[in-house]
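Participant: Here it is, the structure, as structure tokens.
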Amino acid sequence: MHPEESQWALYAGGELGWWKRWRLSAHLRECAQCRGQLEEFRRWRRWLRGNDELPAGLNWGRLAAEMRANIRVGLAAGECVGAAAEPVRWRPAAFALPVLAVVLAGFLLQVWHPPLRRPATAAGVVLAATSTGVELRQQGAALAVLHPRSEQSSRMAAGDAVRTGYLDSDTGYVTISHVYAE
Amino acid sequence: MSMRNKLAVTLAAVATAWAQTAVAPAASTLKVNFPKDAPVAVIAADWGESRQTARGSALMLDLHTALSLRNLAPRRIRGITLLVLAQAVTPGGKASVSVPCLDVQPGETFPVRLDLRLLRPSAGAGPLVEVELDGVLFDDLSFFGPNRLNCRRQMTVWELEARRDRRYYRAVLEAQGPEGLRRQILELLAERPRLDVQVSRSGRATAVAATHEQAVEFACLNLPRAPLELVRGEAVVSGSEARTPRIEVLNRSSRPVRYFEVAWLLRDPLGEEFLAGAAPATAGRNVAPGERAAAVQEAALRFSRPGGRPLSIAGLTGFLSQAEFADGEIWIPDRSALDDTRLRRVLPPSAEQQRLAEIYRRHGLGALIEELKKR
């Protein structure tokens, strides 16, 4: 099986990797037909290299003048198109739109309360006592009795409730809070 | 950042804050409802810092209220309990705020702070929170109130503990002088180990499957002169969770007992102990002399150290913390029983001990001695 013609064209130009070049070289040693094809490509390359001169008697001054004229025509046409278009006042719009979006979102959040997706919990009612107080959580809703952070606070599960106690440094009184579930 | 951009950012932040947070109409959100014949009256209510915030589709209300109450009764008030109901938010759920160890003279006013947070799925009409009077305890241990939360017994326990502790410190002052009293009070200010607790009334406190569930027996700590003897008890333990602790008791006294509570401690694998809970009596009837009964907490309780670090339960200890005889008299452990080194290290100071320690901390030893002489 002979390699494709394009492979011999690349081979002739020295543009193949070493592995492909090695494989094609091995094929060449045994295939006279492909050797002929490669020689044809090499001949064409030599011919092209030998005929890459510019036409004789080329007027460089005239060619440069024509190119300058074409550039001026292009610039003039661009200005005509620009003058016809209305200037876009994008800056005030870019400033106002995000602010409007935030205000609108805030307004919607205040007036629209979609039904809460209730998270699945291990049990229906959970009571918790932490350093911030006691809390009753029930199907996405919660009731908490808070207390200020206090070094002298205690918490425990007391019967069917949880309890926390703290010393109110403002009044000097101890306050004890419970939450209960029925 | 250019001036125009700064202005835009500021405007956006203000707009967001306006949209998300608003001053809650606390006066209409919270309704204080005391009976007409109540021995206390609401003189003023400060609704200062109440706020409501949108949290996604839910609404969070922070209600910070300080009620100023006046004692209308001819006796001194020793304690008060307010019942907090939020039926529109948590049906069946309720909360209470108690202030024990008071000494409010007739005609005198005193403050009660209510700091509540409610999270509810959507807006609704009508007051969200109702605050009612559940009970007032006077200096002669008489009581006024509907007692819906059985607060009378607990308030009496707190008052008896306060009297016991004041007697003890007066005795220390007499026997050891001011320096002896100072040493005792400084001991109160020492840090006690504390745990966060989460209680689930049905099923497990967490959704995680149990891996090493086992029944752990209670060590029974029988205090001297206790009317009931702890016989045995156990709880199903799995990691940091204990389920349905149950402790059996035997009435060793000569009087029937109407109610009792068994407090229990848990121990971690390093031997550190924490006060965990109190299991109430379940009988619902008098326990006759020589009869057995049980205290049970029908719940799954999960414990963690402050900050959320889990705790492994290695052992449980129970002791009788209160008992009420059929005639209404209440027993609490005496000071010598609580002087057990193990309990002293674990049990938090009583409400009165905390109050006395605060007087010492803020006003010094002289003020504390004056306070002890008062009553």
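Participant: Only residues that are of a type in the set (A, V, I, L, M), surrounded by fewer than 22 Cβ atoms within 10 Å (Cβ to Cβ) and either free of Cβ contacts under 8 Å to residues at least 40 places away in the same chain or assigned to a strand (DSSP E or B) (or both): list them for the range B:217-242, please.
Facilitator: Matches in the range B:217-242: B:219, B:231, B:236.
Participant: Let me ask something additional. On the basis of being touching a strand residue (DSSP E or B) at 6+ places or on another chain (Cβ under 6 Å), modelled with pLDDT of 95 or more and more than 17 Å from residue B:197 (Cβ to Cβ), does residue B:320 make the cut?
Facilitator: Here the answer is yes, as residue B:320 does meet what is asked.
Participant: A follow-up question, please. Given A:171, A:164, which one is in contact with a Gly (Cβ under 9 Å, 6 or more places away or on another chain) and hydroxyl-bearing (Ser, Thr, Tyr)?
Facilitator: Result of the check over A:171, A:164: A:164.
Participant: Please state which one of B:283, B:215, B:205, B:226 is of a type in the set (A, V, I, L, M, F, W, C), in the same structural domain as residue B:327 (by TED's automatic domain parsing) and modelled with pLDDT of 95 or more.
Facilitator: Result of the check over B:283, B:215, B:205, B:226: B:226.
Participant: Let me ask you something else. Given the condition farther than 18 Å from residue B:274 by Cα and within 7 Å of chain B (Cβ to nearest Cβ), answer yes or no: does some residue in the range A:153-170 qualify?
Facilitator: yes
Participant: Same structure, new question: In this structure, is residue B:312 polar (S, T, N, Q), within 14 Å of chain A (Cβ to nearest Cβ) and touching a residue at least 60 places away in the same chain (Cβ under 8 Å)?
Facilitator: So residue B:312 does not fit the description; no.
Participant: If we scan the range B:96-104, do we find a residue that is crowded, with 23+ Cβ neighbours inside 10 Å, aliphatic (A, V, I, L, M), modelled with pLDDT of 90 or more and more than 20 Å from the chain's Cα centre (by Cα)?
Facilitator: yes
Participant: Right, here's the next one. Could you tell me whether the range B:109-126 includes any residue that is among the acidic types (Asp, Glu) and modelled with pLDDT of 95 or more?
Facilitator: Within the range B:109-126, not a single residue is among the acidic types (Asp, Glu) and modelled with pLDDT of 95 or more.
Participant: Before we move on, is residue B:149 at positive phi and either outside any helix (DSSP H, G or I) or modelled with pLDDT under 90 (or both)?
Facilitator: When the stated conditions are applied, residue B:149 does not pass them.
Participant: Taking the range B:336-372 on its own, how many of its residues are away from chain A (no Cβ under 14 Å), touching a helix residue (DSSP H, G or I) at 6+ places or on another chain (Cβ under 8 Å) and at pLDDT 90 or above?
Facilitator: 3
Participant: Next up: Looking only at the range B:243-281, filter to residues that are away from every other protein chain (no Cβ under 14 Å) and in a strand (DSSP E or B); which one of those is nearest to residue B:294 (Cα to Cα)?
Facilitator: In this case the residue turns out to be B:248.
Participant: Can you name the residue in the range B:307-333 that is hydroxyl-bearing (Ser, Thr, Tyr) and in a strand (DSSP E or B) and is also surrounded by the fewest Cβ atoms within 10 Å (Cβ to Cβ) among such residues?
Facilitator: Restricting to residues being hydroxyl-bearing (Ser, Thr, Tyr) and in a strand (DSSP E or B), the top hit is B:317.
Participant: I'm trying to understand the selection: among the residues of the range B:50-76, which are outside any strand (DSSP E or B), farther than 22 Å from residue B:121 by Cα and free of Cβ contacts under 8 Å to residues at least 60 places away in the same chain?
Facilitator: Across the range B:50-76, the qualifying residues are B:72, B:74.
The values are calculated or read from the model by the stated rules, or taken from the named source; none is laboratory data. Computed from a predicted structure; not experimentally measured. Neighbour counts are summed over all protein chains in view; Cβ atoms, including those assigned to glycine, are modelled from backbone coordinates with ideal geometry.
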